Amino acid sequence: MGRWRRKNRFKAKPKGDSATGFNTSWSWKERGDLIRYLKTYRQHAERVSDGTYDAESLSMKKSFVRTIGVVEMPVLDQRNVSAPYLALPRTLSSKQRLAVHESCVEANLYHVSVGENRDDRYLVISIYADGFDHLPNIEKPLKFSVHRYKPWYCRSMTLDMGVESTVSDVQQEMAVQARAEQLARQSIQKLIDQPGCCLRDGIDSMDFRIWANKDLSGVEPPAVWDSSMRKSEWTLVDTPSKMRACISELSQSPPLALAFDVESYNKSKYTQLTCLLQLSTDHGMAYVIDPLAPGVFEEVGGLAPIFADPDIVKVGHSIGGLDVRSLHRDFGIFVINAFDTYEAAKVLCLESHGLAAVCEHYGMKYTDLYKSLKNEYQTCDWRARPLTGPMIQYGRFDVHFLIELRMLMIRDLTKTYLFEIKPAEELHESRMVADTLAAINSMAIVKMEEQGIGPPSSNAAESTCHGLASDDFIEPLNLESDRKNDNWLVEGNHFQPQVDDETSFPPTWSNRPRTASTESSSSSDERKSSLSEISNASAAVLRLQASLMKVLSWSQLRCKDLWSDRKEPFLKQKDFLSLLQRARRNEVHFGDSQIALYEELVAWRDRVATRLECLSGFVAPLELLVVISWQRPTCEESLRRITYYLPDVLAEHAGLVQEMLFSVRRSLQGDGFDPEASKVYWYAGQNKPPSRISKVELSP
């Protein structure tokens, strides 16, 4: 399930820096030993490459530390430093590998992690630009053309307006979209202020005799996809024609409830892309939409009217994490009238609020299967194609139980107020409210009789007052709803109580015999109504349940958390602040010219993102720009010492790399350095010319 979550956000963090500072997996002293080890390896390997290696004069000193913490690093003998790369121990933890990556930047080494699984990964380093070409079975990152998928929020207004569009046409289109967003926000705000409007008269009700003993144990899980599966079970939407057919089906036969979920590529809070959209309806139809399939991304926005229809309740789990913002950012979809099962789980005080745990609480039999799929695919790279059967099954799991789960949670949110025992003071307060309402109601009926528009006799007033003042009164507000139009019929000029059948809700408390025992007894059995007395709670009754209204209001509040054009606060970026702190301690040189270069690169990144109509984070993450402004590489080979694999946008647009390096050279020239001087080593046997030999010292 696509939720952006900062793990351990509120836990106390030990002292230490991040990408350019000291990682907390090693102490300051151990980190210093690590940097010295890496620099020693670089010196030995460079002399081997230059042909000046002397094993005796460069032999290891006794004071040299090779064991860092509890990790024993490889011996820097002639065999190891002469190889194209050096593999570090596999015993390094993920935090320790991160610390090595950070230190390699400072030591001017190429560095990359190898291995498919986190537990099997190890790190290799090299001084050679082509050193990793000799690494067998190296796993290269997934290449992904981000610029092909233009988010609705970033898309230029001139895309659909033709070449001859004028400025006024663009402004008019922008005004239309701004108006549409304003109306959507107003609709969402109305539902936040009046959550009862989320319940639809004649549609939303709760038959407690039917739902009293129900759970998810009878719901079969979504099957793994195979070629023999019936098309009616679900549809994989991976072509524009299928996407248009999906929109047509949902528009022509609108469901009453639509479960939805989003799987995203979630690099950071500011760098996200929708990779999968799952839908499930109360009609029993399911859709797995692949926005990354050719031509589909531009068509998904056709679902916007369906998600904006308040007569269709949208059911999701933790929709305030990624779902709402992703739909708005990428497709211009606003979610109006939602039920968030995550918010309901919090109000019900369940032990765990995750969807798998909530489903298990409600009796789902396939929790182990669901959890195993979640552990494997929740944090995977959803850009990977083709989609596998287990990936699709996991996506369907996230929406398969939601519609039924909503009804079960509404049952539990309302039964506490309708059926559970009330404390003595709450019952006393209920009687006082009931008496007051009875008096007001009696006065109103008498006045209506005088005007000739009320019930025909005072006996009705007595009966009504008698019912409202009953000691068996459980929830005063419930009877208040009986006095609304849905419990009274207008016949001529008279209001008559509406009578459906003997199972109508709520029960006519005034028809129950009053005895001394019912007035004085505090027995819970006499104060607690049973499910057998109630068949169907209408939407009017459900609107009066505080817990349900709280869930609905919070759910609509999550729908208002839309994507915004707020810029990433680059001056508060943690790696940038870490460098400033280290510069104040005179550990590194990070002067005004480098800070100015950083600000220039951030502005350049935003311009490129506007030009390509994508998010700025896909051009280059801020942590990369921080290190570039610190190290100031002058060629692409030097840039790869910072990040061996460039971001997709830079890797596909060589001109952008040169634009960025031009700013770096100009910054170096302003500080009096030779911007063209750089040394790049190539492994022996490669027929590639070396760069100019002289080396630039970046810190004076």
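Observations, loosely collected:
- Taking the criterion of being in contact with a Lys or Arg (Cβ under 7 Å, 6 or more places away or on another chain) and over 19 Å from Arg42 (Cβ atoms), the only residue of the range 84-112 that qualifies is Ser94.
- Per the listing Leu123, Leu98, the residue uniquely of a type in the set (A, V, I, L, M, F, W, C), free of Cβ contacts under 8 Å to residues at least 60 places away in the same chain and outside any loop (DSSP other than H, G, I, E, B) is Leu123.
- Within the range 379-414, considering residues that are among the polar types (S, T, N, Q) and in contact with a strand residue (DSSP E or B) (Cβ under 9 Å, 6 or more places away or on another chain), the one surrounded by the fewest Cβ atoms within 10 Å (Cβ to Cβ): Thr379
- Test: residue in the range 598-618 that is buried (at least 19 other Cβ atoms within 10 Å of the Cβ) and in a loop (DSSP other than H, G, I, E, B): yes
- Looking only at the range 388-412, residues that are in contact with a Pro (Cβ under 9 Å, 6 or more places away or on another chain) and not in a helix (DSSP H, G or I) come to 1 in all.
- The residues in the range 623-634 that are under 29 Å from the mean Cα position of the chain (by Cα) and either touching a residue at least 60 places away in the same chain (Cβ under 8 Å) or buried (at least 23 other Cβ atoms within 10 Å of the Cβ) (or both) can be counted, and the count is 4.
- Only a single item in (1) at pLDDT 95 or above; (2) among the charged types (D, E, K, R); (3) within 23 Å of the chain's Cα centre (by Cα) is not met by Lys242, and it is number (3).
The values are calculated or read from the model by the stated rules, or taken from the named source; none is laboratory data. Just so we're clear, the structure is a prediction, and the values are computed from it rather than from any experiment. Quick reminder, even Gly has a Cβ in these numbers, built from the backbone with ideal geometry, and neighbours come from all protein chains shown.
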